[in-house]
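Structure record follows, encoded as structure tokens.
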Amino acid sequence: MRSWGRVGWQLVDEWEGGFGWSQDEFMRRTSHALLVGGRVWLIDPVDTPELEERVRSLGEPAGVLQLLDRHNRGCSAWANRLGVPHLRAWETIGEAPFETLPVRRNRWWREVALWEPNGRTLVCADALGTIAYFCAPGERIGLHPLLRPFPPRALARVAPERILCGHGAGVHDDAAAALQSALQTARRRLPAAWFCALRAGFRSRRR
């Protein structure tokens with residue numbers, strides 16, 4: 001079994017308002033640091049201590065937001081390191097400058113997405129992804145395979161300029177069109193997407 005502690009990472013989604021880093025692994029767990037109003041919010045971060053200086057250089061740390069109940073990742077470690085609160089966003093985001101968009105809320109799956117209106121940035125955990133596990137052929141971004149039968153309606157209310165996701169690099173060009181396509185074709189492309197997810201999982205186990 002692969003040890004998470006030995007997995008490397010690379011920077012992704014770099015722009016003037018933040019950056020992300022993605023783990024070099026099958027599911028490409030991706031973390032983000034967003035600068036909003038001069039303060040930095042970490043979202044679903046994997047514990048990568050060597051990035052502390054990069055995070056602090058972006059602005060004053062304000063908090064760590066966890067968007068999905070099973071995305072514990074390194075949220076607590078980062079909150080302790082930076083001396084900021086660890087907020088479970090399906091319960092509260094405190095004074096964080098985001099709007100929460102419901103994805104799922106039941107005993108097995110509690111998840112919200114974040115909408116930052118000034119920068120028109122949509123941040124997701126497992127709702128959307130860009131790796132093969134999420135995408136049918138031809139898709140730039142796709143819904144989680146288990147969300148395709150009933151796409152989250154709240155996501156259709158926003159028209160983002162960029163989409164940041166918890167698995168894979170984000171979408172920074174024509175993001176609103178990519179989002180609408182993913183939502184509108186989710187059910188029609190479901191068989192192809194499930195096939196891609198199964199094939200991606202099979203390939204990962206052979207490595």
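Structure summary
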| read-out | value |
| --- | --- |
| Within the accessible area of the range 1-81 (1.4 Å probe), percent carbon and sulfur | 47 |
| Estimated 222 nm signal from helices in the chain, with DSSP H stretches of n ≥ 4 weighted -39500 (n - 2.57), rounded to 500 | -6000 deg cm²/dmol |
| Ranked by how many other beta carbons lie within 10 Å on average, peptides 122-130, 28-36, 139-147, 104-112 from highest | 122-130, 28-36, 139-147, 104-112 |
| Debye, to nearest 20: dipole size of the chain, +1 on Lys, Arg Cβ, -1 on Asp, Glu Cβ | 1240 |
| Descending principal axes extents, the range 132-180, alpha-carbon based, whole Å | 25, 22, 20 |
| Over the chain, equivalent-ellipsoid semi-axes from the Cα gyration tensor in Å | 26, 20, 16 |
| Charge-dipole axis of the chain as Lys and Arg at +1 and Asp and Glu at -1 on Cβ define it, positive-most pick from F26, P160, A79 | F26 |
| The range 53-115 - convex hull of the alpha-carbon atoms, volume per residue in Å³ | 88 |
| Mean accessible surface per residue for the chain, computed with a 1.4 Å probe while every protein chain stays in place, in Å² | 49 |
| Residues of the range 125-162 with amide N under 19 Å of the 7 Å Cα→Cβ point at A176 | 140-141, 153-162 |
| Counting DSSP beta bridges with both ends in the chain, the antiparallel % (nearest 5) | 70 |
| Alpha carbon centroid spacing (whole Å) that separates the range 100-120 from the range 75-99 | 14 |
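The values are calculated or read from the model by the stated rules, or taken from the named source; none is laboratory data. Owing to the predicted nature of the structure, the values given are computational and were not obtained by experimental measurement. A quick note on method: Cβ atoms are made from the backbone with ideal geometry, for glycine too, and the neighbour counts reach across all protein chains shown. Accessible surface areas use protein heavy atoms only, side chains included; no ligands, DNA or RNA. Shrake-Rupley method; radii C 1.70, N 1.55, O 1.52, S 1.80 Å.
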